[in-house]
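A.B. asks: Could you have a look at this structure, given as structure tokens, before my questions?
Read-outs throughout are calculated quantities, based only on the coordinates presented, and are distinct from any laboratory measurement. Values in this document were obtained by computation on a predicted structure and should not be read as measured data. As a convention, Cβ positions derive from the backbone with ideal geometry for all residues, glycine included, and neighbour counts pool all protein chains shown.
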Amino acid sequence: MKAVLVSSFGGPEVLHEAEVDKPAPGAGQVRLAIRRVGVNPFDAKLRSGVMEAAFHTELPTILGMEVAGVVDALGEGVTDLKVGDEVLGWSDTGAYAEYALAGPSLLVKPAGLDWDVAAALPVAAETSLRVLHLLGVASGETLLIHGASGAVGAMAAQLAVARGVTVIGTASAANQDYLTSLGVTPTTYGDGLVERVRALAPNGVDAVFDTAGRGALPDSIELRGGTERIVTIADQAAQSLGIPFSSGTAADRSIPELAAVADQVLSGKVVVTVAATYPLAEAARAHTVIDSGHAGGKLVLTVSRTG
Ligand SMILES: NC(=O)c1ccc[n+]([C@@H]2O[C@H](COP(=O)([O-])OP(=O)(O)OC[C@H]3O[C@@H](n4cnc5c(N)ncnc54)[C@H](OP(=O)(O)O)[C@@H]3O)[C@@H](O)[C@H]2O)c1
């Protein structure tokens, strides 16, 4: 099968297409014919080698774990899925490829859910729900989201707004109207953030979700008057500042919760912005954009155009 491999750490140019063996599903696994793969900043961090100290990657490797595809073969003991089922979720093996293996972290794709959107949902939905839960934000409260125009930030913002939370979100000047369209009170990131947020929320913010990881934790602590109810998913300074850094594990992947978010998307209550799609062979172009930090929404690789 065709796959995009990383054989040495580096810039987007290290991503290269190669012919590799089609994987065979083990017990409890299915093989997926991949239709779409979500491109995550995490993939780019693995590719560059910056994650090596915390998370070792054996090379060569195939990146990608956020998938939408069709069940193509069943491993021993799989009874809840059948060949031909259309699914979305997380793969066990690298999904920048024509085929990948997946375990139980799959949702049968609801009828009418667009393939690109399906591949853009799992990580943003799981991460948002996990952190909103950790922060314990409730109706009537005010939540500050750093990076509310990003794939995770936009999802978290909309899920919070749907719960009756007032969301103040940061984004570049170009994305202020986008945030307004999501029901978010927008502001820009960078110098003067504390004053801008205080002007928008004179009674203070109840919680802070940092999706950007761009040095906004000290401002967040100032706005909160301490470290309570601040969570980051991306700032390595978290530990030294006494802020929880939340990372997802397989145990956090709730298929019923993913189904509920997919329903919100289908009913138009939550919008998923797919900024661009690229053919699998052009994964390097997608990584150049994701490395910029301003993708403008989710990037998706099209592996197969069937569906
Ligand atoms: N720990 C976890 O469980 C977990 C899970 C998922 C993702 N992540 C991490 O979370 C981060 C966000 O992921 P994503 O998929 O949402 O990325 P993304 O779609 O690329 O979004 C990046 C966001 O950062 C904003 N941004 C860019 N430069 C900034 C700056 N200098 N200051 C403040 N904000 C800035 C962008 O705003 P503009 O585009 O408007 O400039 C955008 O809102 C990544 O680092 C990713 O690896 C962690």
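A.B. asks: Mind telling me which of the residues Ala138, Ala157 ends up being within 14 Å of the ligand (Cβ to nearest atom) and without any contact (Cβ under 8 Å) to a residue 40 or more places away in the chain? Let's see the steps before the verdict.
C.D. replies: Details: Ala138 fails: within 14 Å of the ligand (Cβ to nearest atom).
Being within 14 Å of the ligand (Cβ to nearest atom) and without any contact (Cβ under 8 Å) to a residue 40 or more places away in the chain holds for just one of Ala138, Ala157, which is Ala157.
A.B. asks: For the range 242-255, how many residues are touching a Leu at 6+ places or on another chain (Cβ under 9 Å) and away from the ligand (no atom under 16 Å from the Cβ)? If you could, list the steps in order and put the result at the bottom.
C.D. replies: Restricting attention to the range 242-255, the residues satisfying the condition of being touching a Leu at 6+ places or on another chain (Cβ under 9 Å) are 243-244, 246, 252, 254-255.
Filter once more, keeping what is away from the ligand (no atom under 16 Å from the Cβ): 255.
Residues that pass the stated criteria total 1.
A.B. asks: Considering only residues that are under 15 Å from Val14 (Cα atoms) and not hydrophobic (A, V, I, L, M, F, W, C), look in the range 275-297 and name the one that is farthest from the ligand (Cβ to nearest atom).
C.D. replies: For the range 275-297, the residue satisfying everything is Glu282.
A.B. asks: For the range 70-180, which fully contained strands (runs of 3 or more DSSP E) count at least 3 residues that are within 18 Å of Val274 (Cβ to Cβ)? Even if it seems obvious, please write down each step before you answer.
C.D. replies: Values: elements: 86-90, 99-102, 106-108, 142-146, 166-171.
Those strands (runs of 3 or more DSSP E) span 86-90.
A.B. asks: Another question, then. Give me the residue from the range 160-173 that is surrounded by fewer than 24 Cβ atoms within 10 Å (Cβ to Cβ) and in contact (Cβ under 8 Å) with a residue 24 or more places away in the chain and, out of that set, nearest to the ligand (Cβ to nearest atom). It would help to see each step written out before you state the result.
C.D. replies: Step one: filter the range 160-173 for residues surrounded by fewer than 24 Cβ atoms within 10 Å (Cβ to Cβ), giving 161-166, 168, 172-173.
Retained after the next criterion (residues that are in contact (Cβ under 8 Å) with a residue 24 or more places away in the chain): 162-166, 168, 172.
Working: Ala162: 18, Arg163: 20, Gly164: 23, Val165: 18, Thr166: 19, Ile168: 13, Ser172: 3 Å.
For the range 160-173, the residue satisfying everything is Ser172.
A.B. asks: Can you name the residue in the range 35-63 that is within 11 Å of the ligand (Cβ to nearest atom) and of a type in the set (Val, Ile, Thr) and is also surrounded by the fewest Cβ atoms within 10 Å (Cβ to Cβ) among such residues?
C.D. replies: Residue satisfying both the conditions and the ranking: Val50.
A.B. asks: Quick one: which of Val300, Val270, Val265 is in contact with a helix residue (DSSP H, G or I) (Cβ under 8 Å, 6 or more places away or on another chain), away from the ligand (no atom under 16 Å from the Cβ) and either over 18 Å from Gly69 (Cα atoms) or not acidic (Asp, Glu) (or both)?
C.D. replies: Numbers: Val300 fails: away from the ligand (no atom under 16 Å from the Cβ); Val270 fails: away from the ligand (no atom under 16 Å from the Cβ).
That would be Val265, the only listed residue that is in contact with a helix residue (DSSP H, G or I) (Cβ under 8 Å, 6 or more places away or on another chain), away from the ligand (no atom under 16 Å from the Cβ) and either over 18 Å from Gly69 (Cα atoms) or not acidic (Asp, Glu) (or both).
A.B. asks: Tell me the residue from Gly268, Gly296 that is in a loop (DSSP other than H, G, I, E, B) and loosely packed, with under 15 Cβ neighbours inside 10 Å, please. It would help to see each step written out before you state the result.
C.D. replies: Values: Gly296 fails: loosely packed, with under 15 Cβ neighbours inside 10 Å.
Matching residue, one of Gly268, Gly296: Gly268.
A.B. asks: Can you find a residue that is buried (at least 19 other Cβ atoms within 10 Å of the Cβ), among the polar types (S, T, N, Q) and away from the ligand (no atom under 14 Å from the Cβ) anywhere in the range 188-207?
C.D. replies: No, because not a single residue in the range 188-207 is buried (at least 19 other Cβ atoms within 10 Å of the Cβ), among the polar types (S, T, N, Q) and away from the ligand (no atom under 14 Å from the Cβ).
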